[in-house]
Amino acid sequence: MKLSNRRIIFTVILILFQQGLNAQNTVDSLLPIRGLCLDIPRPGGLDSFVRFIDKELAPRKVNTLLILVDYHYQFISHPELTDSFALSNEQVKKIVAVCRKNKIRLIPQINLLGHQSWANHTGKLLQAYPQFDETPNIQMPIKYEWPNADNLYCKSYCPLQPELHKVLFPVIDELCDAFESDAFHAGMDEVFFIGEDKCPRCSGRDKAELFAGEVRAIHDHLVLKGRELWIWGDRLLDGKTTGLGIWEASNNNTYRAIDLIPKDIMICDWHYDRADKTSVYFAMKGFRVITCPWREPSLALAQIDDIVRFRRESTIEMRDRFCGMMETTWSRTDRFLSGFYKAFQNPHTDESTSWNCFITMYEAIDKL
C-alpha cells in the first residue's frame, strides 16, 4: 500500500513537471524573445531595480532585458564620457548577477549616429568631442521647440569623422564587458541629420550608403568580439511610400540601407499607434525581428497575435525570423517602477502608459 501511494505521488509529480515543461516550451516556441527595454537606474534606485528583476520580471518569463545606458557608466577607457548618475562596474555586476540567476539575457545600449542631443541639451559624446558633430553650424537653442527652422530634432555625429571609432569602440567593448553581454544595441533610430550639405566629409554622399556604412562598421567590430548587433528598425523603412512618416520610418532615403547591411543584425521594429505589419517586410529581407510596443495595451495584444500567427503560418525559412516581443518604456526607471506597482494594485488597463502596456502584454503572454 505504501509503495503504491509512493508510485501515485511520483506519477502526479512527474505529470505536473511535464505540464510545466510543456507550457514553457509552448511560450518559448511562440515567443522565443520576451523582452523589456528600460532606462538604466540611478544609483539610489539600483536595489529596487534588482528586486524588480528578481520578483517581477523572472516570474513573467521575461528573458531579455535591454538597458538604455548611453554614458551613465563610469568608463575607464574614456572617463571624459562618463555622464551624471553613472553606475560603477561593481553596481552593474548586481544587475548582471540577478539576470544570470534568472536566465535573463542582458543587453546594453548606447545611442549611436543619431540622438546625440535632446531638447536644448547636447549629449556627452559631442560635449567631449565637438569635432564629431555632423552639424556644428546648428547651435543648440536656449528654448527648444519643434518644428524649428533648423529642423533640429536631435544632433547626429559624423560617421566619416576619422577619429570617431577610436573613441566609440573601446567604450562599446568596456560596456559589453561590464554587462557580460553577447550583444549590443546601437540605437540608430530617428536619424534626421546625415549626409548634410555643409559637412566637409559627408556632403553629396548617398545617405543610405552613409547609414549602412556606419551600421557595418559597428557590426564588424562586434563580430570580432563574438557579439551581435541590435538596432531599431525605423531608418530602414520607406516613410513616404508606406505613409509611416518621418518618425517610424525614413523620409531622407536611408531606407535603402536595408539591402546594404548584414542579415545577422537583430531589428527592433517599433510601432506605437498601429499594429503595422513591417515585421513581415524585415523577415522577407532576411532579418530577425522583434516587435516593440510602448503604451497602448490593446496595440500590444494585437502585435502579440500577429507575431504568433506569423510564426505559425509562415514557411520554415521565415518562421524563426519572427523572434518575439519587447516592451519599451521611455521614462526614468524609478517612474516606471512606481507606475507599475500602483497599476498592479489598482488596475486601469485602458490607460495609455508603458506600465499598463507591460502588465497587459505579459498577462497575455502567460496565457499562451
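Values in this text are rule-based calculations from the coordinates and carry no lab data. Just so it is clear, the model here is predicted, and its values are computed rather than measured. Don't worry about glycine lacking a Cβ; one is built from the backbone with ideal geometry, like all the others, and counts go over all protein chains shown.
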Share antiparallel - DSSP beta bridges, segment 31-367, percent rounded to 5 = 10
Fewest-first ordering of W118, W146, W230 by Cβ atoms within 10 Å yields W146, W118, W230
Hey, which of these cross-link pairs are over 19 Å Cα-Cα: K124/K155; K55/K342; K166/K225; K94/K342; K103/K285?
-> K94/K342; K103/K285
Total charge of the residues flanking L106 in space, meaning their Cβ is under 13 Å from its Cβ, with Lys and Arg +1 and Asp and Glu -1, is +4
Just flag the trypsin sites (Lys or Arg not before Pro) in segment 88-134 sitting in loop per DSSP whose Cβ has no more than 10 other Cβ atoms within 10 Å.
-> K103
Summed over the other residues with a beta carbon less than 9 angstrom from that of I365, with K and R at +1 and D and E at -1, the charge totals +2
Exposed loop GluC sites (Glu not before Pro) only (DSSP loop, at most 12 other Cβ atoms within 10 Å): please give the longest stretch of the chain free of them, not including the sites.
-> 164-368
List the residues whose amide H sits under 5 Å from the amide H of E327, counting only those 5 or more places along or on another chain, with H placed 1.01 Å from N in the peptide plane.
-> G35, L36, C37
With volume of the Cα convex hull per residue in Å³ in mind, check (i) 169; (ii) 150; (iii) 135 and report the label derived from this structure.
-> (i)
For S29 and Q345, compute 0.36 nm times the residue count separating them, minus their Cα-Cα distance, and round to one decimal in nm.
-> 110.7 nm
Cys residues of the chain counted as unpaired, since no other Cys beta-carbon is under 4.7 Å | C37, C99, C154, C158, C176, C268, C292, C323, C357
Charged-residue dipole, Cβ positions (Lys, Arg, Asp, Glu), the chain about Cα centre, Debye nearest 20 = 1540
Taking Cα atoms only, helix 164-179 is inclined relative to the longest principal axis of the chain by an angle, in degrees rounded to 10, of 20
